[in-house]
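Student: Below is a structure I'd like to ask you about.
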Amino acid sequence: SIPGGKIELGETTLRAAARELGEETGLTSACGVRFHQWSIASSDVIVREDDGSAGIAFHYVISQILALSPADARAVCGDDASAVRWCTLDEVESGGIELGGDVAAIFRRATHLVETDVVTEETCVKLDLNGQAGIPDFLVER
């Protein structure tokens with residue numbers, strides 16, 4: 001699978017992405033990792049009650065965040081995986097590595113955004129796990 005996890009209460013999506021990437025791969029701003037400030041894709045998962053009613057048991061949103069990493073960054077395995085490695089879009093599209101879902105579509109979108117300079121190192125921000133750099137927090141509700 002690709003790195004990811006749950007957002008902690010009060011945590012922004014971008015900070016959660018930085019935390020999860022750090023926890024699962026050791027890749028952080030100290031390694032030169034930078035994050036695109038907006039989700040590049042999202043999807044909903046709605047699970048219905050299994051009692052035959054029309055009720056909803058839970059609903060969550062998966063948000064894909066693009067991170068740029070220096071070519072020499074070394075990922076290390078976190079405690080929730082047995083291995084970690086870099087892979088290419090070609091490996092995923094050819095079936096050389098199985099990641100589940102439509103990860104190839106996410107990888108294609110990310111590749112397109114980088115190749116067309118929509119996402120560049122300059123348009124991304126460095127985040128550390130204890131705070132943030134370059135992005136504001138916005139109050140959306142009281």
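The values are calculated or read from the model by the stated rules, or taken from the named source; none is laboratory data. Since we're looking at a predicted model, the values are computed, not measured. Cβ: placed from backbone, ideal geometry, glycine included. Neighbour counts: every protein chain shown. These area figures cover heavy atoms from the full protein model, side chains too; ligands, DNA and RNA do not enter into them. Shrake-Rupley method; radii C 1.70, N 1.55, O 1.52, S 1.80 Å.
Student: How charged is the neighbourhood of Glu23? Take every other residue with its Cβ under 11 Å from the Cβ of Glu23, and add Lys/Arg as +1 and Asp/Glu as -1.
Tutor: Working: positive: Arg19; negative: Glu20, Glu24, Asp79, Asp80.
That sum, taken over residues with Cβ under 11 Å, equals -3.
Student: Would you mind getting the accessible area per residue of region 44-106, heavy atoms of the protein chains only, 1.4 Å probe, in Å²?
Tutor: Details: 4550 Å² over 63 residues.
Ligands and nucleic acids excluded, the figure is 72 Å² per residue.
Student: Given the Cα-Cα distance of Arg85 and Ile40 and 0.36 nm per residue of separation, how much length would full extension add, in nm? Write out the running numbers ahead of the final one.
Tutor: Details: separation 45, 0.36 × 45 = 16.20 nm, distance 2.20 nm.
Full extension from Arg85 to Ile40 adds 14.0 nm.
Student: Something else: Round to the nearest 10 and report in Å² the accessible area of Cys77, as given by a 1.4 Å probe over the protein chains' heavy atoms.
Tutor: 60 Å²
Student: If you roll a 1.4 Å probe over the chain with all protein chains in place, what percent of the accessible area is carbon or sulfur?
Tutor: On the way: 5050 of 9750 Å².
Looking at the chain in its full context, I get 52 percent from C and S.
Student: Please name which of Ile2, Ala110, Thr123 has its Cα lying farthest along the dipole of the chain towards the positive end, using unit charges on Cβ (Lys, Arg +1; Asp, Glu -1) and the Cα centre as origin.
Tutor: Thr123
Student: Here's another thing I want to ask about it. For the chain, what is the per residue volume of the convex hull drawn over the alpha-carbon atoms, in cubic angstrom?
Tutor: On the way: hull volume 23.2 nm³, N = 142.
Value for the chain: 163 Å³ per residue.
Student: Using only the Cα atoms of region 43-113, build the gyration tensor, take square roots of its eigenvalues as a ≥ b ≥ c, and label the shape rounded, prolate or oblate: rounded if a/c is under 1.5, else prolate if a/b is larger than b/c, else oblate. Please list the in-between numbers first.
Tutor: Working: a/c = 2.34, a/b = 1.97, b/c = 1.19.
Prolate, because a/c is 1.5 or more and a/b exceeds b/c.
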